[in-house]
Number of protein chains: 2
Amino acid sequence: MPQYIAPTKDMQYVLNDVLDVKNSSIPGYADLDADFLSAILEEAGKITSQVLAPLNAVGDQEGCHFENGVIRTPTGFKDAFEQVKEGGWTGIDCDPEFGGQGLPYLVGTAVGEMFASSNMAFGMYQGLTHGAYSAIHAHGTEAQKQTYLPNMVSCDWTGTMNLTEPHCGTDLGLMRTKAEPQGDGTFKITGQKIFISAGDHDLSENVIHLVLAKIPGGPDGVKGISLFIVPKFMVNEDGSLGARNAVAVGKIEEKMGIHGNATCVMNYDGATGFLLGDEHKGMRAMFTMMNEARLGVGLQGYSQAEVAYQNAVAYAKDRLQGRDVTGVKNPDGPADPLIVHPDIRRNLLDQKSFVEGARAFTFWGASLIDQAHREGDADANGLISLLTPVVKGFLTDKGYEYASAAQQVYGGHGYIEEWGMSQFARDARITMIYEGANGVQALDLVGRKLAQDGGKHVMAFFEMVKNFASENKGWDEDFDRDFLDPLKAASKDLQAAGMYFMQNGMKNPNNALAGSYDYMHMFGHVCLGLMWARMGKASIEALKNGADDAAFHETKIKTGRYYMARQLPATALHLARIQSGADTVMGLSEDQF
Amino acid sequence: MPQYIAPTKDMQYVLNDVLDVKNSSIPGYADLDADFLSAILEEAGKITSQVLAPLNAVGDQEGCHFENGVIRTPTGFKDAFEQVKEGGWTGIDCDPEFGGQGLPYLVGTAVGEMFASSNMAFGMYQGLTHGAYSAIHAHGTEAQKQTYLPNMVSCDWTGTMNLTEPHCGTDLGLMRTKAEPQGDGTFKITGQKIFISAGDHDLSENVIHLVLAKIPGGPDGVKGISLFIVPKFMVNEDGSLGARNAVAVGKIEEKMGIHGNATCVMNYDGATGFLLGDEHKGMRAMFTMMNEARLGVGLQGYSQAEVAYQNAVAYAKDRLQGRDVTGVKNPDGPADPLIVHPDIRRNLLDQKSFVEGARAFTFWGASLIDQAHREGDADANGLISLLTPVVKGFLTDKGYEYASAAQQVYGGHGYIEEWGMSQFARDARITMIYEGANGVQALDLVGRKLAQDGGKHVMAFFEMVKNFASENKGWDEDFDRDFLDPLKAASKDLQAAGMYFMQNGMKNPNNALAGSYDYMHMFGHVCLGLMWARMGKASIEALKNGADDAAFHETKIKTGRYYMARQLPATALHLARIQSGADTVMGLSEDQF
């Protein structure tokens, strides 16, 4: 069975050595001294590796069961959920007014990675609750907040997000679920929602559904969508639970993965709903949480590559097969371990250099969200809005790719469910789809975010890369060659792609859209390149300053050099594709496919 | 539920317009006139699309069951197997002396693609039998051939290949299964074999296992391995079935996919075996079938992308979501179909241009096998030996990638098993692993095949590309620009990579091996580029000659232009990685992973 060891050391490195959180001006960051962070991360590491990871395969094999109107989660989930609640993990970055610990979102993100790596299906019961919490916290009335939030912060009540319907996912303007005003301030919600993660289950006393629906007579399309709170059990004035609301599970879906999470069809049959935020402003309310939600999915993507990598490394060191062509390494054994073989190392380094770069990128993104929310910094908000589709799209595509690459190290055993490597890939697969399929992320990036605020944020990004390069040029010859030069080349490719879009997208927007997916990947590579340059600098400096853990920093530098040499050059391929334009993409008529 | 439509028109195009089989000098090819081929392919299309495809999801959902020592295949498999046998499909390219139809391997390959696309798990019962047939046909005594082959050609008896053991897959030198001579010409086989596809089941009267084992006292390692025939039921002198042999199923594996095929642990407990070929020459006997077996797996890889693509296109035309940014295309509907969106087209064209290129490449490879076997052409044999790891490694990696890409078109529905898209990806995943994991294919290509016969075959390949380019230069301006120029650039990259290996592999073989995987992919792109150039030429010519089906040829040219513009430039990225050498790959010590 696979193991999970929480990568707390690497997390602390990103937080302390790279992001230097202690010296940040973001409110709350000054409290994040190294010992405090270490204590939190080690505790999270314990519960995730010891309690949640052993339940991961159980959840996959058992799945959830829907019988007599009740959903039963896999064996052990309920007990583990109680332990997670008791540990206070569910409200780590929530508002203290409602029982949260008020820590930065960044800390919640680091902890969240461990929850996702150890048991993604389990972590989603909390994750969805957190999303619903954020929506009510941002848009709820004082009474709504007091009614729902304390029990959601503690996860005594969990939450869900209800957007998709059978005939509409991306295009929510087609939505049919309706919300009829009852004259008493409440609405009757009628319709069917599908793909509702954690839609119902036996882990909590109540489920608070957030539901998008149309109030009859409102504007057409997405401008007529409102957001509603629809509790499974009505909440009495005194906070106790009342009658069952008219919302029921239709069925649970059989999925490729995340079997431990109950993905439900939810039927609303005149259920009582309470408007959250303003009428017809439901989409805007959802959008305010979008950056966090999508960053969370990007994190899920690389979290599966992380745990899959850990197990692939262990297998590669253990499994004896073949001999090192440059000389026997294990003369007393019948063969050398897999890890002597160059192509096995190539594969493992693809994974390792991705995961560590992705972690730094995601943590940086989380700090931008803190900066935006806690400091009210509009530039930080603009920058993370730009980067959000990149985090989501690039990290989930690559997370799946590398979870599969880790599976490959196991040879035939990788295909056998008993060994657990298939589950990481199957679980990771959903991250490319939900919370906006990755093609939609690419569209959001190129069609919307690039031009936002007059292109200000993308220019700020390039300025940041340029400044980093000029500030650090000549400081160390190896650093120049191994890190800065590749970063500058990749950034130049990315700028050339943007230039191509500007020059050709005007006359035909398809010239931009046909290159959107490549642009998203290109941008991802430049971001990971920037992260690796920052990590390369931090570690070279640490070594120059005689750091204790020299081996850690040497490994970091070597891994970074690998990324810069072997992965970052992908930007040139993406640029070539983009510059080939839309002709070859749009040339076929429908019936020629 | 997904549908499968046999792509018989495209197959005929490759056979007639591209390979021009009718005018080939290969024995048997002259009989392949267009009407005959059309009749065979249409018949195969019928049984695969109407009988096997509807059972594909059944096989996935039910799987195989092992109860009371008997394996039960999924509902409908037995009936379908009888229909396949009655249709004569199992021996289509087998020796007429043993009841086969004696058609070229190329024809068997075209038919095989349909079997694999429609139901890969089902097709493997035949496929493994064919592999065992080939081994006995090539290495058996006359008596062995007479005893086993007629019933295997008809699939009344099926076959298996037993190589892997729990502790050894790639490195068969570590094998422990032993074969003790009994003094009467027979051997007692004792040991455990795992991952035995079609290991046992209820489709046939007998199962003929081919088992690799070591005769005690023989040479160490792979030089001491012999090949044995071990029937499940002994065969009496009169051909009737006798006693049960001492071979039994230990268990069947729970796998990520191909659930309809029984993957068995086989326990040999002093089973009676008959030496096939010479003592200690078992590996060589296996190797004579390697090219066919690996080409068959490459075919399975792209076959899943083919059927997944078909369904993705259908969904993209049907599902209404969003509007074309350049103008509404479906004004009477609530939204436009997905296929109007540039990124959906980009995705579909990645799939389409790969699958059609892969089909041409595989069929060409099959014709080289015919040329080698039927004409005894050593150059053809050398060339297909060189290309075999490319067919296997590249087409299965990409087959899986594009089966997953097709799944993505479905959005959330792609993740739900009911829609069937997950199965194509899960089934395709095994093709990257079995019959030599793709990393081993890359090692075989760079470590062995490149230098074979003094590098003669790779030089012949480049000569072929060069000749094609020079013969067709200036013939058509668009063809030069859209097809020949990109092919020449890609071929130049591939040559540069080989040059890098020569110059740097001598001083350190890791400089070659660290680039082996990239080289395999690069080679794959050049092969598909060559195929597209040949198809581009055939279709431009057909249009110039006023072909009836102009739309078909126009589509072909457009699809080819897409591949050349958007996929072939990948060679430059692979070259950049290769030229970065082994330093970044080998730099980490074991404990730094």
Counting only helices (runs of 4 or more DSSP H) entirely within segment B:47-154, those with at least 3 residues that are surrounded by fewer than 19 Cβ atoms within 10 Å (Cβ to Cβ) are B:53-62, B:77-86, B:142-153
Reported set for segment B:426-444 where residues are assigned to a helix (DSSP H, G or I) and more than 8 Å from every other protein chain (Cβ to nearest Cβ) is B:Asp427, B:Ala428, B:Thr431, B:Val440, B:Gln441, B:Asp444
Over segment B:445-486, the set of residues over 21 Å from B:Ala497 (Cβ atoms) and within 14 Å of another protein chain (Cβ to nearest Cβ) is B:Asp478, B:Arg481, B:Asp482, B:Phe483
### Message
Given the criteria in contact with a His (Cβ under 8 Å, 6 or more places away or on another chain), buried (at least 21 other Cβ atoms within 10 Å of the Cβ) and within 14 Å of chain A (Cβ to nearest Cβ), does B:Asp397 qualify?
### Response
yes
Hey, any hits in segment B:409-423 for a residue that's within 14 Å of another protein chain (Cβ to nearest Cβ), under 21 Å from B:Val390 (Cα atoms), in contact (Cβ under 8 Å) with a residue 60 or more places away in the chain and buried (at least 24 other Cβ atoms within 10 Å of the Cβ)? no
message: Suppose the filter is away from every other protein chain (no Cβ under 14 Å), under 30 Å from A:Asn68 (Cβ atoms) and not in a strand (DSSP E or B); does A:Leu203 pass it?
response: yes
From the option list A:Ala533, A:Ala547, A:Ala538, single residue qualifying as open to solvent by 10 Å² or more (accessible area, probe 1.4 Å), more than 9 Å from every other protein chain (Cβ to nearest Cβ) and in contact (Cβ under 8 Å) with a residue 40 or more places away in the chain is A:Ala538
- Message: part of a helix (DSSP H, G or I) and farther than 27 Å from A:Asn438 by Cα: is that true of A:Phe468 in this structure?
- Response: yes
Discussion item. Criterion first (surrounded by fewer than 21 Cβ atoms within 10 Å (Cβ to Cβ) and in the same structural domain as B:Gln567 (by TED's automatic domain parsing)) does B:Lys488 satisfy it?
Written reply: yes
Of the listed residues (B:Ser240, B:Ser204), the one being within 30 Å of B:Pro74 (Cβ to Cβ), among the polar types (S, T, N, Q) and surrounded by fewer than 22 Cβ atoms within 10 Å (Cβ to Cβ) is B:Ser240
When restricted to B:Gly270, B:Gly301, the only residue at pLDDT 95 or above, among the small types (Gly, Ala, Ser) and over 30 Å from B:Glu418 (Cβ atoms) is B:Gly270
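Let's see how each residue does on (1) touching a Lys or Arg at 6+ places or on another chain (Cβ under 9 Å); (2) charged (D, E, K, R); (3) under 19 Å from A:Ala442 (Cβ atoms):
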site	(1), (2), (3)
A:Ala538	yes, no, no
A:Gly546	no, no, no
A:Phe552	yes, no, no
A:Pro569	yes, no, no
A:Ile578	no, no, yes
(Q) Condition first: aromatic (Phe, Trp, Tyr) and over 23 Å from the mean Cα position of the chain (by Cα). Can you find one or more residues in segment B:48-70 that meet it? (A) yes
If we keep only residues of segment A:316-336 that are in a helix (DSSP H, G or I) and open to solvent by 20 Å² or more (accessible area, probe 1.4 Å), then the residue nearest to the other protein chains (Cβ to nearest Cβ) is A:Lys317
Self-check item: Test result for A:Tyr517, within 19 Å of A:Ala572 (Cα to Cα) and either assigned by TED's automatic domain parsing to the domain that holds A:Gly257 or more than 27 Å from the chain's Cα centre (by Cα) (or both)
Solution: no
Checked against (1) small (Gly, Ala, Ser); (2) open to solvent by 10 Å² or more (accessible area, probe 1.4 Å); (3) modelled with pLDDT of 95 or more; (4) within 25 Å of the chain's Cα centre (by Cα), B:Gly183 satisfies every condition except (4)
Taking segment A:568-583 and keeping residues within 8 Å of another protein chain (Cβ to nearest Cβ) and touching a residue at least 60 places away in the same chain (Cβ under 8 Å) leaves A:Pro569, A:Ala572, A:Arg577, A:Ala582
Item to check | Flag for B:Ala565 being open to solvent by 20 Å² or more (accessible area, probe 1.4 Å), in contact with a Ser or Thr (Cβ under 8 Å, 6 or more places away or on another chain) and more than 9 Å from chain A (Cβ to nearest Cβ) | outcome: no
Tell me, yes or no, whether segment B:228-250 has at least one residue that is at pLDDT below 95 and within 14 Å of chain A (Cβ to nearest Cβ). no
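This table checks each residue for (1) at pLDDT below 95; (2) surrounded by fewer than 21 Cβ atoms within 10 Å (Cβ to Cβ); (3) not in a helix (DSSP H, G or I).
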position	(1), (2), (3)
A:His553	no, no, no
A:Lys556	no, no, no
A:Thr559	no, no, no
A:His574	no, no, no
A:Ile578	no, no, no
A:Val585	no, no, no
A:Leu588	no, yes, yes
A:Asp591	no, yes, no
Of the residues in segment A:445-465, those that are under 30 Å from B:Gly414 (Cβ atoms) and assigned to a helix (DSSP H, G or I) come to A:Leu445, A:Val446, A:Gly447, A:Arg448, A:Lys449, A:Gln452
Residue set A:Gly277, A:Gly301, A:Gly270, A:Gly239; condition among the small types (Gly, Ala, Ser) and on the phi < 0 side of the Ramachandran plot; output residue A:Gly301
The residue from A:Lys188, A:Lys193 that alone is in a strand (DSSP E or B), open to solvent by less than 30 Å² (accessible area, probe 1.4 Å) and charged (D, E, K, R) is A:Lys193
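The values are calculated or read from the model by the stated rules, or taken from the named source; none is laboratory data. For clarity, every value in this text was computed on a predicted model and none was experimentally measured. We place every Cβ from the backbone using ideal geometry, glycine too, and count neighbours over all the protein chains shown. Protein only, heavy atoms only, side chains kept; ligands, DNA and RNA dropped before computing areas. Shrake-Rupley method; radii C 1.70, N 1.55, O 1.52, S 1.80 Å.
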